[in-house]
1. Run down the aspartates and glutamates and flag those whose C-alpha is under 17 Å from the C-alpha of Lys90, throwing out any fewer than 8 positions away in its chain.
2. For Cys33, Cys59, what's the largest-to-smallest order of accessible area, 1.4 Å probe?
3. Let me check I've understood the local charge: for Gln147, count other residues with C-beta under 11 angstrom from its C-beta, Lys and Arg +1, Asp and Glu -1. What total comes out?
4. Can you give the local net charge around Tyr168? Use residues other than it whose beta-carbon is closer than 15 angstrom to its beta-carbon, Lys and Arg +1, Asp and Glu -1.
5. Tally up the carbon and sulfur contribution to the accessible surface of the range 79-180 as a whole percent, 1.4 Å probe, everything protein left in place.
6. Count charges around Ser122 for me, please; just the other residues with Cβ under 15 Å from its Cβ, Lys/Arg as +1, Asp/Glu as -1.
7. Near Lys121, which lysines are there with a Cα under 21 Å away, not counting those fewer than 8 places off in the same chain?
8. How large is the accessible surface of Cys61 in square angstrom, using a 1.4 angstrom probe and rounding to the nearest 10?
Amino acid sequence: MRCQWPRRPCLQGRHLTEIRMGKLVAAIGKLLCCVQVDQSTVAIKERFGKFEDVLDPGCHCVPWIIGSRVSGKLTLRLRQMDVRCETKTKDNVFVTIVASIQYRAMEDKANDAYYKLSNPKSQIQSYVFDVIRASIPKLQLDDVFEQKNDIAKSVEQELEKAMFAYGYEIVQTLIVDIEPDEKVKKAMNEINAAARMRVAANEKAEAEKIVQIKRAEGEAEAKYLSGLGIARQRQAIVDGLRDSVLGFSGNVPGTSAKDVMDLVLLTQYFDTMKEIGASSKSSAVFLPHGPGAVADIASQIRNGFLQASTHHA
């Protein structure tokens, strides 16, 4: 079984060797007056401290013997910087605006970008602060969220005008985040929740209203149909009684309508007593029972008809 030593020290040693070789090559190139400029980078060439030329990527001859040298290098790659700015809205709510600025140095104005600004990030940050703190106090908190793109465009336009003179191009400006105070966010969420609950309550009440209306319509329809059924039932009873009286009077000689009516009332009386006795949920009912009861009932009905007929006449 072979023991494998960790390779990290070997890699570190190789990396150190490569760095030393790079320094050695640079020293040899400097000795031979040669300078290498990497891709997406330009070098600033000076002669006796005065700007002379901008060197593009590649190998260049810089004779240091006659006072020429490379003062520094400037990257042309796209860079990004996030700026956090705290300000106050029109309705006195403190918010933190996070703006993302994408910028790069212009190759044709590399000398301005190298000499005119010592700290371009600080300069860009100052302009972002100025624009945001001038525009946000004019807006309500809700409008800040809605006009986020307009704020970003205002920042971009201001930066373009200011940074172009210094050799920098503003590629894109984005408002990536708007952070109100934590208490304000909580209050906004509660307002939203209350509004949704109010809408839900209205919808629930409307649904209950519809249910009650439909139930009332159903009950009205049921009562109407029940009334029609009772009316038809009574009409059928009246028709049946009339036919019975006519049929009995015709088939039994010597009987009058009064006799037939008394017989019908007596039959219904006993049927009613039978139904009350057969019902399991019936309570005690006291009725006058005897041969004279039917006569009393019949006389009461006749008297009622006679009184109604007299009053009508």
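1. Asp130, Asp142, Asp143, Glu146, Asp150, Glu179, Asp181
2. Values: Cys33 20, Cys59 100 Å².
Solvent-accessible surface, decreasing: Cys59, Cys33.
3. On the way: positive: Lys138, Lys148, Lys153; negative: Asp142, Asp143, Glu146, Asp150.
Taking every Cβ under 11 Å from that of Gln147, the sum is -1.
4. Counting the neighbours of Tyr168, the net charge comes to 0.
5. Looking at the range 79-180 in its full context, I get 42 percent from C and S.
6. Details: positive: Arg79, Arg84, Lys116, Lys121; negative: Asp82, Asp130.
Summing Lys/Arg as +1 and Asp/Glu as -1 gives +2.
7. Lys73, Lys109, Lys153, Lys161
8. 90
The values are calculated or read from the model by the stated rules, or taken from the named source; none is laboratory data. The structure presented is a predicted model; accordingly, all values stated were derived computationally and were not measured. Here Cβ is always computed from backbone atoms with ideal geometry, including for glycine, and neighbour counts include all displayed protein chains. All accessible areas refer to the heavy atoms of the entire protein, side chains included, with ligands and DNA or RNA removed. Shrake-Rupley method; radii C 1.70, N 1.55, O 1.52, S 1.80 Å.
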